[in-house]
Structures are given as structure tokens and as C-alpha cells.
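For reference, the structure discussed in these notes is given below.
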Amino acid sequence: MADDKDVLRDVWYGRIPTCFTLNQDEVTEREAEPYYLLLPRVSYLTLVTDKVKKHFLKVMKAEDVEEMWFEYEGTPLKWHYPIGVLFDLHASNTILPWSITVHFKNFPDRDLLHCPSNSVIEAHFMSSIKEADALKHKSQVVNDMQKKDHKQLWMGLQNDKFDQFWAMNRKLMEYPTEEGGFRYIPFRIYQTMSDRPFIQKLFRPVSPEGSAHTLGDLLKEMYPAAIPNEGEQKRYQVVIHGIEPLLETPLQWLSEHLSHPDNFLHICVIPTPTD
């Protein structure tokens, strides 16, 4: 893969300043102060909020505490989506810090998956990596890895160790030069204006004629409304890791450099803010 290590590093160390406040309906023994944290974009909410939990438990009785969950402006936040995706999808045009409400009661079973332990996050993360590798290499790379290699990917994410993670993830980003890219690009397109959680279909990085497909090509096929017609005002922003890449960017490059650690390219299509 092309050695744009600075890009990989910038993506990995992306942070969102966040203010966690306890929901006012929770029963506390004294007033709960808000808790501030820099959230890593590439991680998962339930993986990086132990400190948040400990902070609020100081003012609560054990019998008033059930499973912790988070919401933003009335929307329960799905912990199994990467943090950066949640922010880009729900809050990308808000003033920082991102204001998240913490709950310990009334878990919304219809909206959220339960997350009783880190092993649940690990299982979700590894299944995403395996799914991505099935699309990219017919699962050959992930199947050639040993259990300790899988563990290295997970521990790299869990402990925020860029070099440890990428020493192994590099293998998942390789492909035969003559093929010009992966078999298919693992991507998901999210939008808030839809009942579907996301769009995910088969899409090759190279056209049958051998030319590189771009982000614009992908959107034309999967979500044409995201691309304005000539002379038309831009209705949507297409956001990956908090930025709007040029539509001419080759999809293969994006997949290698702007995928999340789960090896998927997570693309958020959000309405352009009306000032």
C-alpha cells in the first residue's frame, strides 16, 4: 500500500472533545458534575467511557444503576458504530464540545444492542474485520492470521497503540499490483434521513475497463441524491472522518487510508447546514 503514514496517523489520532452530563431523571445523592473527555474517533463509546462511568457512580447508589447508555439530543447512540461516525452523522455541525447525556436506567432495547463487557465489543470488531476481508481478499488474509494476530489488532485498538495495530493491519491493506485494488471495497453509507441503518452493496475499486473508481462513482450508483446536478445548490455533505473528501478521490486510496480500524470505509451523508 502507498506509504501515506501521516494520513493513517492523523486518522488514528482524531479526537472529539466531549462533555458528558448525567440525565436529570437519574437519582443521585448529590449533584453530578459534567465529565469532559477527548473521545478517539476510531474507537467505540463503550470501550472508552470507563472513566465516565466511575465519575457518575460516585454520586449514585448501586441499586439505582443499571446498564449505562448514551444519547445525543434525544437519539440513543449506537455503541457498535465507531465514535467518529456517530459524531459525523448526528452532530457534525454543532458547537464543540459534543454534549452527550448519560443514562443508567430505561435501556432502549429497541434502539441499542446491550454491551455487558468488552468481549462483546471485541466480537463485533473482529466480525467486521472478517466481513471486510471477505470482500477484499475472499477472507484469505484473515484466515492466514493466527489467533494472536487477531488479538494484536484488537489490543492495538483497545489500548490506542497505532504501531501495534498497523503492524498487523498492513496485511489487510495489501493486494496484487496487477489487480489495481481490492476485490470489493468494504463501505457503509449512513444517512439520518432514512429508516435503513446504512447502504452496503458490492462495489469494485476498478471499472471493467481498468480505470480507478472514485468516491463520486460510488455515490452516483449508491446514493445519487448526494451529488448536486450542474447549477444546483449542494444539498448534502459527504463526510468521512469529519472531512469532505473530493469526489474525484480514488476509492481504493480512501479504503486504504480512511477506513476505520474495522476495515470499513464509513461514509456519512448529511444535509448541508442552512445558516
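Values as computed for the structure displayed
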{"quantity": "Projected label distance in nm at ILE95 and THR192, using a 7 Å step from Cα toward the beta-carbon", "calculated": "1.7 nm"}
{"quantity": "DSSP beta bridges in region 2-103 [antiparallel fraction, %, rounded to 5]", "calculated": "70 percent"}
{"quantity": "Where the Cα pairs of region 30-85 fall when distances are cut into 5 Å bins, in %", "calculated": "4, 16, 25, 27, 17, 8, 2"}
{"quantity": "Charge-dipole axis of region 1-141 as Lys and Arg at +1 and Asp and Glu at -1 on Cβ define it, positive-most pick from HIS103, TYR36, SER119", "calculated": "SER119"}
{"quantity": "Å² per residue, accessible surface of the chain at 1.4 Å", "calculated": "51 Å²"}
{"quantity": "Long-range amide H partners of TYR236 with built H, under 5 Å", "calculated": "THR272"}
{"quantity": "Integer Hz, Karplus 6.51/-1.76/1.60 couplings in order for region 258-271, x for Gly and Pro", "calculated": "10, 6, 6, x, 6, 6, 9, 8, 9, 10, 9, 10, 10, x"}
{"quantity": "Relative packing of peptides 120-131, 41-52 - highest average C-beta neighbours within 10 Å first", "calculated": "41-52, 120-131"}
{"quantity": "Rounded percent of accessible protein surface that carbon and sulfur make up, region 60-191, 1.4 Å probe", "calculated": "48 percent"}
{"quantity": "Projected area averaged over orientations for region 118-271, convex hull of C-alpha atoms, nm²", "calculated": "10.2 nm²"}
{"quantity": "Cβ charges +1 (Lys, Arg) and -1 (Asp, Glu), total dipole of the chain, debye", "calculated": "600 debye"}
{"quantity": "Restricting region 186-275 to GluC sites (Glu not before Pro) in coil, as DSSP defines it, with at most 12 other Cβ within 10 Å", "calculated": "GLU209, GLU230, GLU232, GLU248"}
{"quantity": "Of all DSSP beta bridges in region 118-271, antiparallel share, percent nearest 5", "calculated": "60 percent"}
{"quantity": "Separation of alpha-carbon centers, region 184-226 and region 27-97, rounded to whole Å", "calculated": "31 Å"}
{"quantity": "Answer label, with Cα extents along the principal axes in Å calculated from the coordinates and candidates (1) 49, 45, 34; (2) 79, 42, 40; (3) 67, 53, 33", "calculated": "(3)"}
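The values are calculated or read from the model by the stated rules, or taken from the named source; none is laboratory data. Quantities reported herein were computed from a predicted structural model and do not represent experimental measurements. In this analysis, Cβ positions are derived from the backbone assuming ideal geometry, glycine residues included, and neighbour counts consider all displayed protein chains. We work out accessible area using only protein heavy atoms, side chains counted, and drop any ligands, DNA or RNA first. Shrake-Rupley method; radii C 1.70, N 1.55, O 1.52, S 1.80 Å.
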